[in-house]
Amino acid sequence: MAQLIREIRASYAFVERNFNLVRRYWGWELVWLAYSIASTLSITYIGAGMEAITGVQVDSNYLILYLLIGTMVWRFLAIVFDNISEMIAWERWEDTIEYTFMAPITRFTQMMGQTVFAVIYSLIFTAVILGVVALFFHLDLRNANLVGAAAMLLVGSLSFIGLGIVASVLPLLFPERGAQMTNVIQAVFLLISGVYYPIEVLPAWMQPLARLSPATFVLEGMRATILNGAPTASLWPYMWPLLVAGIVAVPIGLWVFRLGERYAKRTGKLKRNG
Amino acid sequence: MYDNMQIALDVSAVTKQFVKAKGLRWPWKRKNDDGRKPVVAIDNVSFTVRRGEVFGILGPNGSGKSTLVRCIATLLLPDQGEIVVFGHNVMQEEMAVKRLINRVSVEASFFKKLTPMENLLYGARLYGMEAQDSRKQILAILDRLGLKKEDVYRPMEEMSRGMQQKVAIARAFLTQPILLLLDEPTTGLDPRSKREVQAFVEELRDRHDATILLTTHDMQEADSLCNRVAILDEGRIVALDTPAGLKAQVGRSNGHEVTLEDVFMELTGKQLHREEEAA
């Protein structure tokens, strides 16, 4: 029990530290929020303008909601992924990595703290964007199953946590370019997961790849609940692949990270210089 | 003097080398070429430190001091040899060792936008300490180190290097390590800050049950603080004795009393002379 309390305290250290950093870097947070709101609005306005662009009558409200789900879900998952995958890059930048790695905590404890922060932060950030965007569009959510949508989002974030842990090993192994590599991973997921379009429009060879992305299932499930009001019980076909991906990706991520940490300690890459 | 005291640190035949790239190479050209050469950072180093001892390591830049400290601190894996901290093997019982040690390095290494209180509270939580008690201890330690209360709540980036280094010492002391690794803790500090840090180390040595491994470039510091001193050169220990014993090895020098600096120059300068002769 005493050990559990120690681990919980240690996990909370990361949550508290990260929220303190958010508070101190408030200017950057404000810039990022403004950028995210503008970006979300720009994408969503494509739906509003589709009729004017094509000259063909389309269900603009449906299209707006379709794009908004894509951009909001992607924003949420990407923030979770970023916060986990970039934790090593942050520590390198602040030059604190050796002190964190010298502390008597397991990597699981560290990841737990980072993950709790990532999910809470992402929920708050996404909710603020949604609140602002809702002022610009009339969102008809009468048929939406919001409970089912929330369940889809939480289950989906589990798999992105695992992917984030796997990706976080890159800045550990490649001090100079590891952080950029995580952006490449994110860009590939953005392309293949049907964030702004159905995956059926992708080239045939790319469509099986889309089925390997957890984001595809989150987006399909979210659209089913919000656009079509699909009941929660009917979401199982979307949920089980996400649960499997999460259950597999998290332990694999921790295992890969442990290997990466050992390699970094053997080759002296934990600290870039000195 | 030390025979009956407990062994705090046992470093036995430790070797560590790194492979360094020579210039830029394309990844597919790296195999079987001469672009990567091994550099021996520590070469078969052995010594023991007794409980309660202040053990100094002197050496020129690049002699392997920080690499050795990192190996003890579980941040680097030695290629060969064994490091045992209070009976726990660093490679096999990493977590047990981590609970017993802490380290102060030449760079203060903090989240620069956070305050000393926020940084130290983060550190305390990582070591499983309770927040309320930790806050009181943080204030007490920082006060002892001469930080004003208002400085405790302003960002680290607004502080001088001397103040940052005091906070780094407070971070290490807060977790009450029984083996404290001080890696050039006073390098780059002004004389007053240096003296304050040295006084705190003296206090740790005299009043608390802490064993200290100190690396430094400051010969006077080593002379006044350390029970024994090892001189490291090109990864090898070239001398190990009490400060008085080391001075006795060199004898009188140019009519003045021998200092550790004379010893250091004598033992680490020889190679320079040889290289000059060879050239």
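Taking the residues in segment B:126-157 that are open to solvent by 40 Å² or more (accessible area, probe 1.4 Å) and touching a Lys or Arg at 6+ places or on another chain (Cβ under 9 Å) as candidates, determine which candidate is modelled with the lowest pLDDT. Here the answer is B:146. Among residues of segment A:35-61 that are under 14 Å from residue A:139 (Cα atoms), those with a Cβ under 8 angstrom from a residue that is outside any helix (DSSP H, G or I), sequence gap 6+ or separate chain, pair up as A:41/A:136; A:44/A:136; A:44/A:137; A:48/A:137; A:61/A:138; A:61/A:140.
For segment B:138-158, the set of residues classified as in contact (Cβ under 8 Å) with a residue 12 or more places away in the chain and farther than 17 Å from residue B:125 by Cα consists of B:142, B:144, B:145, B:146, B:147, B:151, B:152, B:153, B:154, B:155, B:156, B:157, listed by residue number. I'm trying to understand the selection: among the residues of segment B:66-78, which are more than 9 Å from chain A (Cβ to nearest Cβ), farther than 17 Å from residue B:50 by Cα and open to solvent by less than 10 Å² (accessible area, probe 1.4 Å)? Listed by number, the residues that qualify are B:68, B:71.
Of the listed requirements (1) part of a loop (DSSP other than H, G, I, E, B); (2) away from chain B (no Cβ under 14 Å); (3) touching a residue at least 60 places away in the same chain (Cβ under 8 Å); (4) not aromatic (Phe, Trp, Tyr), residue A:105 misses just one: (2).
Set side by side, the residues A:89, A:150 differ, and just one is part of a helix (DSSP H, G or I), open to solvent by less than 30 Å² (accessible area, probe 1.4 Å) and not basic (Lys, Arg), which is A:89. Contact map, segment A:1-29: residues that are more than 9 Å from chain B (Cβ to nearest Cβ) and open to solvent by 90 Å² or more (accessible area, probe 1.4 Å) paired with residues that are at pLDDT 95 or above and in a helix (DSSP H, G or I), Cβ distance under 8 Å, separation 6+ or inter-chain. No pairs are found. Taken over segment B:88-115, the criterion of being in a loop (DSSP other than H, G, I, E, B), of a type outside the set (Val, Ile, Thr) and within 9 Å of another protein chain (Cβ to nearest Cβ) is satisfied by B:105, B:107, B:108, B:109, B:110, B:111, B:112, B:113, B:114. Scanning segment A:131-140 for residues that are touching a helix residue (DSSP H, G or I) at 6+ places or on another chain (Cβ under 8 Å) and exposed (fewer than 13 other Cβ atoms within 10 Å of the Cβ) gives A:138, A:140. Note on segment A:148-165: residues that are farther than 21 Å from residue A:227 by Cβ and of a type outside the set (A, V, I, L, M, F, W, C) amount to 3.
Apart from one condition, residue A:166 fits all of (1) part of a helix (DSSP H, G or I); (2) modelled with pLDDT of 95 or more; (3) crowded, with 16+ Cβ neighbours inside 10 Å; the exception is (2).
The one condition from (1) open to solvent by less than 10 Å² (accessible area, probe 1.4 Å); (2) more than 22 Å from residue A:249 (Cβ to Cβ); (3) within 14 Å of chain B (Cβ to nearest Cβ) that residue A:95 does not meet is (1).
Of B:193, B:160, which residue is over 20 Å from residue B:68 (Cβ atoms), surrounded by fewer than 15 Cβ atoms within 10 Å (Cβ to Cβ) and of a type in the set (Gly, Ala, Ser)? Residue meeting the stated conditions: B:160. When B:170, B:210 are checked against the criterion of being in contact (Cβ under 8 Å) with a residue 24 or more places away in the chain, small (Gly, Ala, Ser), within 23 Å of residue B:135 (Cα to Cα) and crowded, with 24+ Cβ neighbours inside 10 Å, a single residue qualifies: B:170. Can you spot a residue in segment A:82-90 that is within 14 Å of chain B (Cβ to nearest Cβ) and of a type in the set (D, E, K, R)? Checked against the condition, which is being within 14 Å of chain B (Cβ to nearest Cβ) and of a type in the set (D, E, K, R), segment A:82-90 yields no hits at all.
When residue A:176 is tested against (1) open to solvent by 60 Å² or more (accessible area, probe 1.4 Å); (2) within 30 Å of residue A:61 (Cβ to Cβ); (3) charged (D, E, K, R), exactly one condition is not met: (2).
Taking the conditions exactly as written (more than 12 Å from every other protein chain (Cβ to nearest Cβ), surrounded by fewer than 18 Cβ atoms within 10 Å (Cβ to Cβ), on the phi > 0 side of the Ramachandran plot and free of Cβ contacts under 8 Å to residues at least 60 places away in the same chain), does residue B:81 satisfy them or not? When the stated conditions are applied, residue B:81 does not pass them. Selection of helices (runs of 4 or more DSSP H) fully inside segment A:181-274 by the criterion of at least 3 residues being open to solvent by less than 20 Å² (accessible area, probe 1.4 Å) and not basic (Lys, Arg) returns A:214-227, A:236-267.
The values are calculated or read from the model by the stated rules, or taken from the named source; none is laboratory data. Computed from a prediction, not measured in an experiment: that's the story for all the values here. Ideal geometry is used to build each Cβ from the backbone, glycine not excepted, and the neighbour counts take in all protein chains shown. Note: accessible area is taken over every heavy atom of the protein model, side chains too, but ligands, DNA and RNA are not part of it. Shrake-Rupley method; radii C 1.70, N 1.55, O 1.52, S 1.80 Å.
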